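Each value in this text was obtained by applying a stated rule to the coordinates, not by laboratory testing. Keep in mind it's a predicted model, so treat the numbers as computed, not measured. Quick reminder, even Gly has a Cβ in these numbers, built from the backbone with ideal geometry, and neighbours come from all protein chains shown.
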Amino acid sequence: MRQRDAAVLDEPVMSPGDTATAVVAASGLVRTYRDGETAVLALQGVDLVVQAGEFVALTGPSGSGKSTLLHLIGGLDRPDQGHVTLEGQRIDELTDEQLALIRRRRLGFVLQFFNLLPTMSAVENVAFPLLLDGTVHALDRARAALDDVGLGHRAEHRPSRLSGGEQQRVAVARALVTRPAVILADEPTGNLDSVTGEDILQLLRDAADRGQTIVMVTHDARSAAYADRVLRLVDGRIVATTRRRE
Amino acid sequence: MSVKFAVLGLLEPEPSHGYDLKRAYDAHFGDVHPVKYGQIYGTLSRLERDGRVRFAGERSGEGPDRKLYAITDDGVSDLDHWFTQPESPDEQIRSVLFTKVVLALLSDRPAEPFLEAQRALLLEHMQALTRVKSRGGVLDAAFADHRLFHLEADLRWIDATVTRLERMREEVHR
């Protein structure tokens, strides 16, 4: 096993991709918040390009701007300067209604507190984004997505009957079911014990290995190590990048 | 970790004698394992042979400890190079990292760039090990986790150290 480890470490670094084929391309992002009298510079000029199938982790101390960056990519917030494109389309200039559609159809979200609808069963929660769009076979696709995360046998349970880890699996299935351009995960293991958390990270890793693009915010190095590329933010700037050697 | 860089780092601010170097070494790094005189003298004579330190005068008195040593330009560039290199994450890394940070502060070098480079290298190893873990069987996972938890401890130590560098700098110069 040691030799295998060494072999992994010794191979060359993969080359960075190019902007034209990027799933996410953000450039010159600046975002300032008002905190009473003072202006807080959350992002001070950040560029980010994410290629299809890439799993990127954003990490750094609290207040470093990593969540702000995720929110800008996800159309949950708008930059003061710079722009964000998703599959070549500028999203920072869209109306709120257009953004809501993009979020539902082209983005998947996995958040710290699962954010499932309490009155719906697991399979209905997963099917929900498809049902909103009137997609045919929504419930069948949702069942298949639940099977993929190992929860087929819990499909009819409401969230309150599921453990935290199971609820997060439902959230991952819901994020995957629309086959989004990118899944945005914000501290997805923050509310789970470490063993359960690693199961969720492995689900995300497996999805990335099947070609799913993922951007994840985490303050935790063990979680970040699941990613292909780890960007470290400090004071609103990217200060370091590490790539997994293939 | 080799005594070489500690001796070079301690000599950089001003020339010193073997005995004073031993005392300074033990004061900063010798809590668990004080260095032996023989190691200091052996290191000094190898460094002198290699042109990293030079004889800089003698003080009156008896014994082998009268020789005063000074660092040379080659010695300083060895030190400079050492500070730019993150340490390979092996068993001894914790004490080496601590020594390196203290020597950086003693010699008025910035410790942050080295710690950032170290952080990146540790994380890169964690990424490779996580790949081993997620692709392999349970034995691979157990092996990888053992290394991963230790690497994570080093990373957390770096986080904690970065927040107290200024106070450490004051204390080593006191």
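Within region B:32-48, list the residues whose amide N lies under 17 Å from a label point set 7 Å along Cα→Cβ of residue B:59.
Of the residues in region B:32-48, B:41 have backbone N under 17 Å from the label point off residue B:59.
Considering only DSSP beta bridges where both residues belong to region A:2-243, give the percentage that are antiparallel (nearest 5).
Expressed as a percentage, antiparallel bridges in region A:2-243 total about 60.
Considering every Cα-Cα pair within region A:2-243, what fraction, in whole percent, is farther apart than 23 Å?
The proportion of pairs with Cα distances above 23 Å equals 51 percent.
Which aspartates and glutamates have a Cα less than 17 Å from the Cα of residue B:36, not counting those fewer than 8 places away in the same chain?
Result set, ordered by chain and number: B:20, B:26, B:65.
Over every pair of different alpha-carbon atoms in region B:1-84, take the mean of 1/r and invert it; report that Kirkwood radius in Å.
12.8
When the C-alpha atoms of chain B are aligned to their principal axes, what extent does each axis show, in angstrom, from largest down?
Ordered largest first, chain B gives principal extents of 67, 31, 29 Å.
Return B:4, A:66, B:133, B:36 ranked ascending by Cβ neighbour count within 10 Å, so the fewest neighbours appear first.
The fewest-first ordering by Cβ neighbours comes to B:36, B:4, B:133, A:66.
Note the angle between two axes, namely the Cα long axis of helix B:112-135 and the longest principal axis of the Cα atoms of chain B, as a number of degrees from 0 to 90, rounded to the nearest 10.
Between the helix axis and the principal axis of chain B, the angle is about 30 degrees.
How much of the pair distance distribution for region A:181-231 lies past 12 Å, counting alpha-carbon pairs only, in percent?
Summing the P(r) of region A:181-231 above 12 Å gives 61 percent of all pairs.
What is the Cα coordinate range of region A:41-167 on the first, second and third principal axes, sorted by size from largest, in whole angstrom?
Cα extents, longest axis first: 47, 34, 27 Å.
Taking every pair of distinct Cα atoms and averaging 1/r, then inverting, what Kirkwood hydrodynamic radius in Å comes out for region A:131-246?
15.5
What are the extents of the Cα atoms of the protein assembly as shown along their three principal axes, listed from largest to smallest and rounded to whole Å?
96, 52, 38
Which values of log₁₀ I(q)/I(0), to two decimal places, follow from the Debye formula for region B:75-169 at q = 0.25 Å⁻¹ with a uniform point scatterer at every Cα?
Ignoring solvent entirely, the Cα scatterers give -1.28.
Give the angle, between 0 and 90 degrees and rounded to the nearest 10, that separates the Cα long axis of helix B:93-106 from the longest principal axis of the Cα atoms of chain B.
50
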